[in-house]
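To start, the structure itself, in structure tokens.
The values are calculated or read from the model by the stated rules, or taken from the named source; none is laboratory data. Because the structure is predicted, anything quoted here is derived from the model rather than measured. Here the Cβ positions follow ideal geometry from the backbone for every residue, glycine too, while neighbour counts run over all protein chains shown. Areas reflect the complete protein model, heavy atoms only, side chains present, ligands, DNA and RNA absent. Shrake-Rupley method; radii C 1.70, N 1.55, O 1.52, S 1.80 Å.
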Amino acid sequence: MQGQQQQAYDRGITIFSPDGRLYQVEYAREAVKRGTASIGVRASDGVALIVDKPVRSPLVEQDSVEKLHKVDDHIGTASAGHVADARRLIDFARRDAQVERLRYEQAIGVETLTKDVTDHIQQFTQIGGARPFGVALLVGGLDDGQPRLFETDPSGTPYEWQAIAIGSDREEIQSYLEAEYDPEIELAEAVELGLEALASVQEEPLDPAGVGAATVDAESEQYITLTEEEIRAARPE
């Protein structure tokens with residue numbers, strides 16, 4: 001009987017279980033955990049985003065594996081979970097940033113953008129006939145020159161972090177970041193820390209061809225994607 005009741009709550013995204021759970025949201029979090037890892041590190045002079053893009057076949061064009069996205073000149077994102085869901089949220093975020101520039105002639109704030117995205121995500125936890133987004137995003141950028149780093153959750157909740165990992169091996173990577181992170185870290189060191197954290201959970205040496213990295217520098221206030229050569233120079237030995 002209990003199993004039949006749980007199945008009923010599974011079918012309806014808008015129905016809470018007796019213990020206050022939304023099962024579909026929890027399943028969406030499991031989809032995030034099955035995605036490859038993404039790491040964000042906030043430095044004193046910017047934000048670094050590192051993503052794992054394993055080479056699944058020598059015939060795959062690595063540039064077609066999209067986990068890093070530019071939202072605005074001063075904001076970038078990294079994703080973990082369903083790539084198609086991430087693409088929808090990135091499109092929403094880019095439109096939101098464009099509207100801010102057209103309407104108010106100013107760049108959108110990182111916190112404002114993140115909360116707009118999470119408000120959009122939350123709507124899909126209470127609409128019948130829809131499902132939650134099976135993806136989490138790391139949103140990194142600059143608010144008035146100050147680095148900010150946020151995580152979005154499939155429930156529609158934003159969290160601000162100094163350093164954070166999402167996706168597979170989150171607990172192990174997060175433990176590494178908690179042990180090694182320094183609030184006064186500089187951007188180049190933040191990239192190295194992200195690569196070291198990713199390498200700490202891999203059996204083989206880190207392959208720069210299977211890693212993506214991007215930074216938002218406080219001096220230039222620009223989102224920049226690192227080349228494979230730059231990642232190779234920064235990776236741990």
Cα-centred dipole magnitude for the range 85-204, charges only on beta-carbon of K, R (+1) and D, E (-1), debye, nearest 20:
1080 debye
Show which lysines lie in cross-link reach of LYS70 when reach means a straight Cα distance below 19 angstrom and same-chain residues fewer than eight apart are skipped.
LYS53, LYS115
Length gained if THR227 through GLU186 is fully extended, taking 0.36 nm per residue and subtracting the Cα-Cα distance, is 12.8 nm
Which FRET efficiency value, to the nearest 0.05, is calculated for GLU204 and ARG131 with the Förster distance at 45 angstrom and r the Cβ-Cβ distance?
0.80
HN-Hα J in Hz across the range 125-132 - Karplus 6.51, -1.76, 1.60, θ = phi - 60°, x for Gly and Pro
9, 9, 10, x, x, 10, 9, x
Take the Cβ-Cβ distance between GLN106 and SER220 as r, set R0 to 22 Å, and report the resulting FRET efficiency rounded to the nearest 0.05.
0.75
About its Cα centre, how strong a charge dipole does the range 138-177 have in debye, to the nearest 20, once Lys and Arg get +1 and Asp and Glu get -1 at the Cβ?
40 debye
At 1.4 Å probe radius, can you tell me the per residue accessible area of the range 92-219 in Å²?
48 Å²
CD proxy, 222 nm, the chain: helix-only mean residue ellipticity via -39,500 (n - 2.57) per DSSP H run with n ≥ 4, per residue, nearest 500, stands at -12000 deg cm²/dmol
If the convex hull is drawn through the Cα atoms of the range 126-237, its volume per residue in Å³:
142 Å³
Report, to two decimal places, the Cα Rg of the chain normalised by 2.2 N^0.38 Å (N = number of residues).
1.04
Probe radius 1.4 Å, ligands and nucleic acids ignored: give me the carbon and sulfur share of the accessible area of the range 147-237 as a rounded percent.
43 percent
For the range 1-132, what value does the Rg/Rh ratio take when both radii are computed over Cα atoms and Rh is the Kirkwood radius, given to two decimals?
1.05
According to a simple spin-label model (label point 7 Å from Cα along Cα-to-Cβ), what is the distance in nm between GLN146 and GLU61?
4.2 nm
